[in-house]
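Colleague: Structure incoming, see below.
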Amino acid sequence: METLYFESGEVVFEAGSPSDCAYLVEEGKFEVSRLCNGEKQVIGTLKEKDIFGEMGIIDNQPRSATITALEKQVIGTLK
């Protein structure tokens, strides 16, 4: 597992981008959002021990949401 670091406001990935791995939140919080009629819609918040991006491993489809760091974050990638 590779460890990645993100600053507040930094985007992990955007909706529509290719899916090739999942992520495990080691510390911090992330916002899950998508565009709906041109406006940002917040779907939820991810916290420590949450996994996201796993559907990319399962269905090999593009990302369905955008993930943004809400504070200084640490995540691990799962391939």
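The values are calculated or read from the model by the stated rules, or taken from the named source; none is laboratory data. Given the structure is predicted, the values throughout are model-derived calculations rather than measurements. Here Cβ is always computed from backbone atoms with ideal geometry, including for glycine, and neighbour counts include all displayed protein chains. Only protein heavy atoms, including side chains, enter the accessible area calculation; ligands, DNA and RNA are left aside. Shrake-Rupley method; radii C 1.70, N 1.55, O 1.52, S 1.80 Å.
Colleague: About its Cα centre, how strong a charge dipole does the chain have in debye, to the nearest 20, once Lys and Arg get +1 and Asp and Glu get -1 at the Cβ?
Modeller: Values: 8 positive and 14 negative charges, 33 e Å.
The calculated dipole for the chain is roughly 160 debye.
Colleague: Right, something else. Can you give the Rg to Rh ratio of segment 1-63, both from alpha-carbon atoms, with Rh computed by the Kirkwood formula? Don't skip to the end; give the middle numbers.
Modeller: Working: Rg = 12.1 Å, Rh = 12.7 Å.
Value, to two decimals: 0.95.
Colleague: Using Cα-Cα distances under 8 Å and only pairs 6 or more residues apart, what relative contact order does the chain have, in percent?
Modeller: Values: 204 pairs, mean separation 41.4, N = 79.
Taking the mean separation of contacting Cα pairs over the length of the chain, I get 52 percent.
Colleague: A follow-up question, please. Which value in nm describes the separation of the simple spin-label points at ILE58 and LYS29, placed 7 Å from the Cα toward the beta carbon?
Modeller: In this crude label model, ILE58 to LYS29 measures out at 2.6 nm.
Colleague: Could you look at the chain and say what percent of its accessible area is carbon and sulfur, using a 1.4 Å probe and all protein chains? Display every interim value, and only then the final one.
Modeller: Working: 2450 of 5040 Å².
Within the chain, the accessible surface is 49 percent carbon and sulfur.
Colleague: Could you state the accessible area per residue of the chain in Å², with a 1.4 Å probe and every protein chain left in place?
Modeller: Working: 5040 Å² over 79 residues.
Per residue, the chain has an accessible area of 64 Å².
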